[in-house]
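Asker: My questions will all concern the structure given below.
Laboratory data are not the source of any read-out in this text; all were calculated from the coordinates shown. Computed from a prediction, not measured in an experiment: that's the story for all the values here. Note: ideal-geometry Cβ built from the backbone for every residue, glycine included; neighbour counts use all protein chains shown.
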Amino acid sequence: MSKRASKRASESSNNNDIEPRSSSQHMIIKKHFIVFVLGDIGHSPRMQYHSLSIAKMNEMNHHVDFVGLYDSDPHEQVLNQKNLKINRLASQWWNWVNYFMRIHFLFFLLFAPLKVILQFLVMSIQLSCIINRNPFGKEYTPKKILLTQNPPAIPTLFLFWLLQKIHLIKLDEYIIDWHNYGFSILALSRKNKYLIKFAQYLEFSFVRGCATHHLCVSEKLKEDLVKRLKIDPNIVTVMYDRPPEMFGKNLSSNERTELLENVLKIDTSRNFKLIISSTSWTEDEDFSVLLSSIIDLENKLKDLSPPLYLEFVITGKGPQKEYYLKKIASLNLKFCRIQTGYLSYSDYSKLLASSDVGVCLHYSSSKLDLPMKVVDMFGSNLPVCAIEYDALPELVKHGQNGYIFKNKKELTEYLDELLLSPEGSKKLKSMKEHLKQNFQTHRWDDEWSSKVRPLL
């Protein structure tokens, strides 16, 4: 064998995707990843980033099927990644049930099981076909690796447990990414304790011994999950959300002016501050706290000379949005302006980069998860005022990269200090410097490569 041939053989033996079949043959290991979320793909940034990271890890030997609802477009990179395919769930088969579930609690009890059954049947067929498909052709037998988000837990976790038990699918690895607990979210809108207990039972009963590994968004969530499932802590990994590179890019003056004047319709000739809050308009994000604070700030602004205007931009979609839009319309605000809307990823990242302060109203249903919106804000070097709950100090360091408030009075005090007081600019500068040194140097790719890549 020549020296060049010998060198090639040596290099091949060190390739992670090559496995010796015999002394003279090698087999390329292909991997088929299924990333699943029973929710809108466009509103599932963490699962989008997972899909993209997996696909980029090995474009030749990895194929990713990203499965979920398609109510809004995901990030452009996800759409353009060549070895990543988006599969839409056929949700039209169960969406019609939602109307009846909202009428009355008795209707909810009647139609909720019907919705679950319809979801179960449709997803069983669709997911079995996707998982059993071979994207590489007959000459390869790929490893099958499933990564699913929880919540929602019903019927997702039971579905994957059953499909494996009756051998409709065969998985080499099954990873659950715990963002929160489904039963705790259900408890926000449904007060029936027996219903919540049943949902809790379903969420945890079909996980033990089924999943090969678990991911969590916080240390608090990991500690609680290990206790509930009575599992080895070594099969549970905390992977903190971290912003991708799209957040934190410096804007040119032209880009900022284009956003402020043409997209947000802000009069940039006057003295103003820009505040961003991203909300899901749900029970675990009480928008009335911010609304009350805005009214208090309006009264404070009346006494300022020269005048200062506060521009509040509230992004996101959700069930309580129309209710609060009517409240906002009834207010006679002169110095505070509130506008709502849903922005593209590009405009949203520019908005974060242009803002002075972010406000987070996410009050975790389990008190164990961490708000992704704060991660995006920190990634854009934007200090945050966030409402207090148990796990939040893992992300927000009070007085260093933001403020943690308990009620609308404290929120008003902190916004007053940062935006209206003479010392506000100095404090914001200090917080931004802390973010630059302690948060922005560790991005999604860094966190994912150190925590998730070794599992795959």
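Asker: What is the order of Arg242, Arg208, fewest Cβ neighbours within 10 Å to most? Could the numbers behind the result be given before it?
Answerer: Values: Arg242 21, Arg208 12.
Going from least to most buried by this count: Arg208, Arg242.
Asker: Any idea what diffusion coefficient region 359-403 gets from Stokes-Einstein, in µm²/s, Kirkwood Rh on alpha carbon pairs, 20 °C, 1.002 mPa s? Walk me through the numbers on the way to the answer.
Answerer: Numbers: Rh = 10.4 Å.
Estimated via Stokes-Einstein, D reaches 207 µm²/s.
Asker: Turning to a different aspect of this structure: Which of Cys385, Cys210, Cys129 comes first, and how do the rest follow, when ranked by fewest Cβ neighbours within 10 Å? Don't skip to the end; give the middle numbers.
Answerer: Details: Cys385 26, Cys210 16, Cys129 11.
If I rank by nearby Cβ atoms, fewest first, I get Cys129, Cys210, Cys385.
Asker: Region 216-270 to region 387-456: how many Å between their Cα centroids?
Answerer: Using only Cα atoms, the two centres lie 11 Å from each other.
Asker: Working out 0.36 nm times the residue gap between Asn271 and Asn80, then minus their Cα-Cα distance, what length gain in nm do you get to one decimal? Kindly include the intermediate steps, with their values, before the conclusion.
Answerer: Details: separation 191, 0.36 × 191 = 68.76 nm, distance 4.09 nm.
The span from Asn271 to Asn80 would gain 64.7 nm if fully extended.
Asker: Next question. Return the FRET efficiency for the residue pair Leu109, Leu188: r is the Cβ-Cβ distance, R0 is 22 Å, and the value is rounded to the nearest 0.05. Before the final figure, lay out each step's value.
Answerer: Numbers: r = 17 Å, r/R0 = 0.79.
Computed FRET efficiency for Leu109 and Leu188 comes out at 0.80.
Asker: For the residues Asp445, Asp65, what sequence is obtained by ranking on other C-beta atoms within 10 Å, fewest first? Walk me through the intermediate numbers first.
Answerer: On the way: Asp445 16, Asp65 20.
With the fewest neighbours first, Asp445, Asp65 line up as Asp445, Asp65.
Asker: Below 18 Å, Cα to Cα, which aspartates and glutamates can Lys326 reach? Residues fewer than 8 away in the same chain don't count.
Answerer: Glu283, Glu285, Asp286
Asker: Are there GluC sites (Glu not before Pro) in region 352-456 that DSSP marks as loop and that have at most 16 other Cβ atoms within 10 Å, and which are they?
Answerer: Numbers: sites: Glu388, Glu394, Glu410, Glu413, Glu417, Glu423, Glu433, Glu447; in loops: Glu388, Glu423.
Sites meeting the loop and neighbour criteria: Glu388, Glu423.
Asker: A follow-up question, please. Under a crude label model (7 Å from the Cα following the beta-carbon direction), how far is Glu261 from Val122 in nanometres?
Answerer: Reported label-point gap for Glu261 and Val122 is 4.7 nm.
Asker: Can I ask one more? Treat region 253-439 as a sphere of radius equal to its Kirkwood radius over Cα pairs and apply Stokes-Einstein at 20 °C in a medium of 1.002 mPa s; give the translational diffusion coefficient in µm²/s, rounded to a whole number. Could the numbers behind the result be given before it?
Answerer: Values: Rh = 16.7 Å.
Calculated translational D: 128 µm²/s.
Asker: In addition: Please compute the net charge surrounding Asp172, taking Lys and Arg as +1 and Asp and Glu as -1 over other residues with Cβ under 13 Å from its Cβ. Don't skip to the end; give the middle numbers.
Answerer: Details: positive: Lys30, Lys31, Lys143, Lys144, Lys170; negative: Glu173.
Overall, the nearby charge balance is +4.
Asker: Convert 25 °C to kelvin, take the viscosity as 0.890 mPa s, use the Kirkwood radius over C-alpha pairs of region 201-330 as Rh, and evaluate the Stokes-Einstein diffusion coefficient in µm²/s, rounded to a whole number. Write out the running numbers ahead of the final one.
Answerer: Details: Rh = 19.4 Å.
Rounded, D is 126 µm²/s.
Asker: Per DSSP H run of at least 4 residues, take -39500 (n - 2.57); add these up for the chain, divide by its residues and hand me the 222 nm value, nearest 500 deg cm²/dmol. Walk me through the numbers on the way to the answer.
Answerer: On the way: 17 runs with 183 residues, N = 456.
Computed ellipticity for the chain at 222 nm equals -12000 deg cm²/dmol.
Asker: So, one more: Kindly state, to the nearest 0.05, the FRET efficiency for Asn250 paired with Ile295, given R0 = 51 Å and r defined as their beta-carbon distance. Let's see the in-between values first.
Answerer: Working: r = 35 Å, r/R0 = 0.68.
Working from the Cβ atoms, E equals 0.90.
Asker: Residues of region 183-217 with amide nitrogen under 19 Å from the 7 Å Cα-to-Cβ point of Lys165?
Answerer: Counting only backbone N, you get 198-213.
Asker: Still on this structure, I have one more. Can you tell me the equivalent ellipsoid semi-axes for the chain? Use √(5λ) from the Cα gyration tensor, largest first, whole Å.
Answerer: On the way: eigenvalues 351, 166, 78 Å².
Ellipsoid semi-axes (Å, largest first): 42, 29, 20.
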